[in-house]
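The values are calculated or read from the model by the stated rules, or taken from the named source; none is laboratory data. On a predicted model such as this, the values are computed, not experimentally measured, just so you know. A quick note on method: Cβ atoms are made from the backbone with ideal geometry, for glycine too, and the neighbour counts reach across all protein chains shown.
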Amino acid sequence: MKQLIECVPNFSEGNNLAIIHQITEAIATVDGVRLLNVDPGKATNRTVVTFVGEPDAVVEAAYRAIRKAGELIDMTRHSGAHPRMGATDVCPLIPIANISMEETAEWARKLARLVGEDLHIPVYLYEAAQPNIERSNLSVIRAGEYEGFAEKIYLPEWKPDFGPTQFDAKRGATVIGAREFLVAYNINLNTTSTRRANAVAFDIREAGRVKKENGKSVLDDTGKPINIPGSLKSVKAIGWFIEEYGIAQISINLTNINITPLHIAFDETCKKATERGLRVTGSELVGLIPLKALTDAGKYFLEKQQRSSGVGEKELIRIAVKSLGLDELSEFKPEERIIEYLLAGENNQKLASLSLYDFADETASESPAPGGGSIAAYAGALGVSLATMVANLSSHKKGWDHRWQSFSIWAEKGQAFKAELLRLVDADTLAFNGIMEALALPKGTDLEKSIRNEAIQAATKKAIDVPFRVMEVAASGMELIRVMAIDGNPNSVSDAGVGALCARAAVMGAFMNVRINAKDYEDRNYVDDILSRGKLLEEKTIREEQEILAIVNEKING
């Protein structure tokens with residue numbers, strides 16, 4: 001499987017678009033790299049770039065970008081609100097798929113060596129790429145910033161890991177490393193005071209603040225200042241004033257969103273700001289964010305309202321954006337800011353994303369795909385969607401406020417079934433296309449015949465497994481449909497009934513596809529097993545459908 005890493009270099013230029021364009025063009029010239037996001041900041045005079053690809057391509061693209069930034073950016077003329085120490089200030093590599101942090105760190109060290117030895121830029125390693133834990137923290141490395149490195153670089157303890165031990169006035173120094181996915185996040189305040197913004201930042205950040213009495217630092221027995229930790233783990237934060245917006249912000253790095261998610265950082269900042277007489281007015285993301293961070297935020301804010309969180313992905317994102325105020329300063333476009341959407345690109349759910357008219361037209365065309373397997377998956381998605389609708393309506397029914405959470409849990413299950421079945425709509429067509437591609441392979445020699453037969457068998461197994469998965473998911477949805485028929489909003493009981501019909505059709509239709517494709521698969525033990533399991537699933541689903549329809553008809557008939 002393909003290894004993927006992300007690179008998020010920060011360049012010390014946020015105003016000159018011509019310079020930024022030349023740097024990003026250097027990245028785009030490398031085959032196998034996809035440029036995902038370019039986020040310039042005027043007040044910070046800093047641009048955050050995000051791109052992904054296989055490790056060797058990413059390292060090459062990062063090298064070219066660092067070289068170009070060194071040519072174009074003059075640090076002797078640079079000023080900005082964000083801490084910085086070089087033209088390319090920091091360049092982290094982040095494991096995305098099928099690669100460990102240890103492997104990613106090794107690629108970071110390779111990049112650092114290239115930059116240091118070939119470009120003669122002083123380079124410091126950080127995070128997972130840095131073996132010396134005392135030098136692994138970015139803020140510690142960058143302390144003193146560009147201006148301080150004129151002296152700092154000559155200290156024995158701050159000898160660069162790669163490159164010359166000499167201050168480079170024009171290009172400064174660069175920090176390269178490997179780390180987990182980091183969310184750069186700014187929270188807006190209704191103040192212009194950097195000092196007050198910093199006070200809130202110190203309240204929340206893990207490092208906290210130095211304890212003071214009568215304006216003096218309190219020291220421990222060894223003479224070191226005593227620190228009062230902040231309220232949030234895995235959070236770095238400072239306050240600053242952004243002239244472009246005319247407000248102070250708290251600039252936050254969420255270094256592990258599994259420990260402190262986006263919504264918790266936001267709510268805690270709101271709490272601490274209120275305690276200091278301030279008000280949070282909104283927030284902004286810098287760069288990209290994982291989809292789950294926003295859907296989790298959407299669920300969190302819906303649950304605080306005691307409303308069902310079993311709504312669609314788009315609605316969860318909309319709730320998150322509005323609740324966090326991510327659109328206060330500029331429009332928030334999910335398709336440009338969510339990393340999964342950018343990585344998926346044009347290959348994301350081609351059939352499932354079509355309009356009803358286009359999907360029907362594509363099905364009715366002379367092309368054999370989408371066929372019965374995709375339609376079965378879509379019928380199943382519609383069936384569980386109807387039951388999910390009943391769950392959401394029941395969650396909001398007047399007089400049932402004490403039951404909202406139970407229905408919300410069922411609605412979330414329904415959303416998971418729906419998402420999986422919609423994925424299988426495209427997966428079934430792709431499986432069919434795989435068989436066609438295998439059949440088209442050359443068969444002139446014995447070797448070619450052997451390769452072709454292996455490819456046909458592998459594609460045929462896929463064409464069996466996909467509709468069988470449709471059967472499993474659609475059959476699992478019957479429990480949700482039954483519960484909604486029995487306990488859901490009585491005004492929507494007919495919707496549960498139609499859902500049962502759709503789910504039954506999905507199971508039976510998908511089983512037809514399993515059976516017809518199984519005829520061409522040579523492993524008869526596998527075929528016998530999956531046909532036996534499929535028959536049991538079909539029989540169970542038919543029984544459940546009949547039981548659900550009996551419940552529905554009894555309620556309709558009164």
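Please determine, by comparing only the residues of the stretch 286-296 that are out of contact with any strand residue (DSSP E or B) (no Cβ under 6 Å at 6 or more places or on another chain) and within 28 Å of LYS42 (Cα to Cα), which one is surrounded by the fewest Cβ atoms within 10 Å (Cβ to Cβ).
We begin by selecting, within the stretch 286-296, every residue out of contact with any strand residue (DSSP E or B) (no Cβ under 6 Å at 6 or more places or on another chain); these are 290, 292-296.
With the extra rule that they be within 28 Å of LYS42 (Cα to Cα), the set shrinks to 290, 293-294.
Working: PRO290: 15, ALA293: 21, LEU294: 26.
Once the filter is applied, the top-ranked residue is PRO290.
Consider only pairs whose beta carbons are under 6 Å apart and that are at least six residues apart or on different chains; among these, list those whose first residue lies in the stretch 487-510 and is assigned by TED's automatic domain parsing to the domain that holds ALA475 and charged (D, E, K, R) and whose second residue is part of a helix (DSSP H, G or I) and modelled with pLDDT of 95 or more.
That search, which allows pairs on different chains as well, returns ASP495/LEU386; ASP495/VAL390; ARG504/THR541; ARG504/GLU545.
Just the residues that are out of contact with any strand residue (DSSP E or B) (no Cβ under 8 Å at 6 or more places or on another chain) and among the hydroxyl-bearing types (Ser, Thr, Tyr), please, taken from the stretch 159-193.
Hit for the stretch 159-193 is THR165, nothing else.
For the subset of the stretch 69-103 comprising residues that are small (Gly, Ala, Ser) and farther than 16 Å from PHE167 by Cα, which member is modelled with the lowest pLDDT? Spell out the reasoning first.
Here is the first cut: in the stretch 69-103, the residues small (Gly, Ala, Ser) are 69-70, 79-81, 86-87, 97, 100.
After this cut, where a residue has to be farther than 16 Å from PHE167 by Cα as well, the list is 69, 79-81, 97, 100.
Numbers: ALA69: 96, SER79: 89, GLY80: 87, ALA81: 83, ALA97: 80, SER100: 94.
For the stretch 69-103, the residue satisfying everything is ALA97.
Do you know which residues across the stretch 143-201 are of a type outside the set (Ser, Thr, Tyr), in contact with a Gly (Cβ under 6 Å, 6 or more places away or on another chain) and farther than 25 Å from LEU114 by Cβ? Step through it out loud before you land on a result.
In the first step, residues of the stretch 143-201 are kept if they are of a type outside the set (Ser, Thr, Tyr); the result is 143-145, 147-153, 155-164, 166-173, 175-184, 186-190, 195-201.
The next check asks that each one be in contact with a Gly (Cβ under 6 Å, 6 or more places away or on another chain); those that pass are 152, 162-163, 171-173, 184, 188, 197-198, 201.
Scanning the stretch 143-201 gives ALA184, ASN188, ALA197, ASN198, ALA201.
State which residue pairs qualify: first residue within 17 Å of GLY477 (Cβ to Cβ) and in contact (Cβ under 8 Å) with a residue 40 or more places away in the chain and inside the stretch 524-546, second residue of a type in the set (Lys, Arg) and in a helix (DSSP H, G or I) in any location, beta carbons under 7 Å apart, and separation of 6 or more residues or different chains.
Pairs that qualify, where the first residue is within 17 Å of GLY477 (Cβ to Cβ) and in contact (Cβ under 8 Å) with a residue 40 or more places away in the chain and the partner is of a type in the set (Lys, Arg) and in a helix (DSSP H, G or I), are THR541/ARG504; GLU544/ARG482; GLU545/ARG504.
Among the listed residues VAL321, VAL390, which satisfies the condition of being out of contact with any helix residue (DSSP H, G or I) (no Cβ under 7 Å at 6 or more places or on another chain), more than 24 Å from ARG469 (Cα to Cα) and touching a residue at least 12 places away in the same chain (Cβ under 8 Å)? Break it down stepwise before answering.
On the way: VAL390 fails: out of contact with any helix residue (DSSP H, G or I) (no Cβ under 7 Å at 6 or more places or on another chain).
Just one listed residue meets the conditions, VAL321.
Looking for whichever is surrounded by 16 or more Cβ atoms within 10 Å (Cβ to Cβ) and farther than 16 Å from VAL466 by Cα here; the options are ILE556, ILE548, ILE542. Which one fits?
Details: ILE556 fails: surrounded by 16 or more Cβ atoms within 10 Å (Cβ to Cβ); ILE542 fails: surrounded by 16 or more Cβ atoms within 10 Å (Cβ to Cβ).
Among ILE556, ILE548, ILE542, only ILE548 is surrounded by 16 or more Cβ atoms within 10 Å (Cβ to Cβ) and farther than 16 Å from VAL466 by Cα.
If I go through the stretch 4-23 residue by residue, how many of them are closer than 24 Å to GLU106 by Cα and either touching a Cys at 6+ places or on another chain (Cβ under 8 Å) or buried (at least 20 other Cβ atoms within 10 Å of the Cβ) (or both)? Walk me through it before giving the result.
First, pick out the residues of the stretch 4-23 that are closer than 24 Å to GLU106 by Cα: 4-11.
This time we only want the ones that are either touching a Cys at 6+ places or on another chain (Cβ under 8 Å) or buried (at least 20 other Cβ atoms within 10 Å of the Cβ) (or both), so: 5-11.
Qualifying residue count for the region: 7.
If I go through the stretch 140-156 residue by residue, how many of them are over 16 Å from TYR126 (Cα atoms), touching a Phe, Trp or Tyr at 6+ places or on another chain (Cβ under 9 Å) and in a helix (DSSP H, G or I)?
Going through the stretch 140-156 one residue at a time, the tally reaches 4.
Yes or no: the stretch 306-326 includes at least one residue that is touching a strand residue (DSSP E or B) at 6+ places or on another chain (Cβ under 7 Å) and assigned to a helix (DSSP H, G or I). Walk me through it before giving the result.
Narrowing the stretch 306-326 to residues touching a strand residue (DSSP E or B) at 6+ places or on another chain (Cβ under 7 Å): 324-326.
Filter again for assigned to a helix (DSSP H, G or I), leaving 324.
Yes - at least one qualifying residue is present in the stretch 306-326.
Report, by residue number, each residue of the stretch 119-140 that is free of Cβ contacts under 8 Å to residues at least 24 places away in the same chain and of a type in the set (Asp, Glu).
GLU134
What about LEU480, is it out of contact with any Asp or Glu (no Cβ under 8 Å at 6 or more places or on another chain), outside the structural domain of SER308 (by TED's automatic domain parsing), surrounded by 24 or more Cβ atoms within 10 Å (Cβ to Cβ) and under 21 Å from GLU544 (Cα atoms)? Working first, answer last.
Details: out of contact with any Asp or Glu (no Cβ under 8 Å at 6 or more places or on another chain): yes; outside the structural domain of SER308 (by TED's automatic domain parsing): yes; surrounded by 24 or more Cβ atoms within 10 Å (Cβ to Cβ): yes; under 21 Å from GLU544 (Cα atoms): yes.
For LEU480, the condition - out of contact with any Asp or Glu (no Cβ under 8 Å at 6 or more places or on another chain), outside the structural domain of SER308 (by TED's automatic domain parsing), surrounded by 24 or more Cβ atoms within 10 Å (Cβ to Cβ) and under 21 Å from GLU544 (Cα atoms) - is met.
Determine whether the stretch 185-206 contains at least one residue that is modelled with pLDDT under 95 and of a type in the set (Gly, Ala, Ser).
Taking every residue of the stretch 185-206 in turn, none turns out to be modelled with pLDDT under 95 and of a type in the set (Gly, Ala, Ser).
How many residues does the stretch 425-457 hold that are touching a Lys or Arg at 6+ places or on another chain (Cβ under 9 Å) and not aliphatic (A, V, I, L, M)?
8
Filter the stretch 375-394 down to the residues that are among the hydrophobic types (A, V, I, L, M, F, W, C) and closer than 30 Å to GLN457 by Cβ, then identify the one that is surrounded by the fewest Cβ atoms within 10 Å (Cβ to Cβ).
Of all residues in the stretch 375-394, those among the hydrophobic types (A, V, I, L, M, F, W, C) come to 375-377, 379, 381-382, 384, 386-387, 389-391, 393.
Next, from what is left, pick out any that are closer than 30 Å to GLN457 by Cβ: 375-377, 379, 381.
On the way: ILE375: 19, ALA376: 28, ALA377: 34, ALA379: 23, ALA381: 27.
Checked the stretch 375-394; the qualifying residue surrounded by the fewest Cβ atoms within 10 Å (Cβ to Cβ) is ILE375.
So, in the stretch 515-535, how many residues would count as being surrounded by fewer than 16 Cβ atoms within 10 Å (Cβ to Cβ), closer than 24 Å to GLY499 by Cβ and under 38 Å from the mean Cα position of the chain (by Cα)?
1
For the stretch 1-50, how many residues are out of contact with any strand residue (DSSP E or B) (no Cβ under 7 Å at 6 or more places or on another chain), more than 30 Å from ALA248 (Cβ to Cβ) and hydrophobic (A, V, I, L, M, F, W, C)?
Residues flagged as out of contact with any strand residue (DSSP E or B) (no Cβ under 7 Å at 6 or more places or on another chain), more than 30 Å from ALA248 (Cβ to Cβ) and hydrophobic (A, V, I, L, M, F, W, C) within the stretch 1-50 amount to 4.
Looking at LYS413, LYS461, LYS397, which one is at pLDDT 95 or above, within 23 Å of GLY497 (Cα to Cα) and surrounded by fewer than 23 Cβ atoms within 10 Å (Cβ to Cβ)? It would help to see each step written out before you state the result.
Details: LYS461 fails: within 23 Å of GLY497 (Cα to Cα); LYS397 fails: at pLDDT 95 or above.
LYS413 is the lone residue from the list that is at pLDDT 95 or above, within 23 Å of GLY497 (Cα to Cα) and surrounded by fewer than 23 Cβ atoms within 10 Å (Cβ to Cβ).
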